[in-house]
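Here is the structure we will look at.
Values in this text are rule-based calculations from the coordinates and carry no lab data. Computed from a predicted model, the values in this text were never measured in an experiment.
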Amino acid sequence: MTEQSEPVKKPNGYRRSREEAERLFLDNMGLVRYVANLMAINVTEDTIQDGYIGLWKAALVFDDSRGAVFATFAVPVIRNAIRS
């Protein structure tokens, strides 16, 4: 049995550089409106801004070496950011 090692974190504590996170963020901005509409709430600019904050957090810490799709990881983070 092989033991899986923990992914190495970058010096800033995040798993990817700012440039990598920014590309991931920009490529998935539509996800925020999609999640907000699924939540059946009154979608306002504040709601969207909260969702973008969640998307940015997800883009910074997403670890693609674990085999997950980014959207699968990001949707709960965005939903949580909108709710709070």
Here the gain from full extension of Glu20 to Ile41, 0.36 nm per residue of separation minus their alpha-carbon distance, amounts to 4.5 nm
Residue-ordered couplings for region 18-28, obtained by feeding phi - 60° into the Karplus form 6.51 cos²θ - 1.76 cosθ + 1.60 and rounding to whole Hz (Gly and Pro as x), are 4, 5, 5, 5, 5, 5, 4, 4, 5, 5, 10
Note, region 68-84: 3J(HN,Hα) by Karplus (6.51, -1.76, 1.60, θ = phi - 60°), whole Hz, Gly/Pro = x, goes 7, 7, 4, 4, 4, 6, 6, 4, x, 5, 5, 4, 5, 5, 5, 5, 8
Phi-derived 3J(HN,Hα) across region 36-44 with the Karplus relation (6.51, -1.76, 1.60, θ = phi - 60°), rounded Hz, x for Gly and Pro, is 4, 5, 5, 6, 6, 10, 6, 7, 10
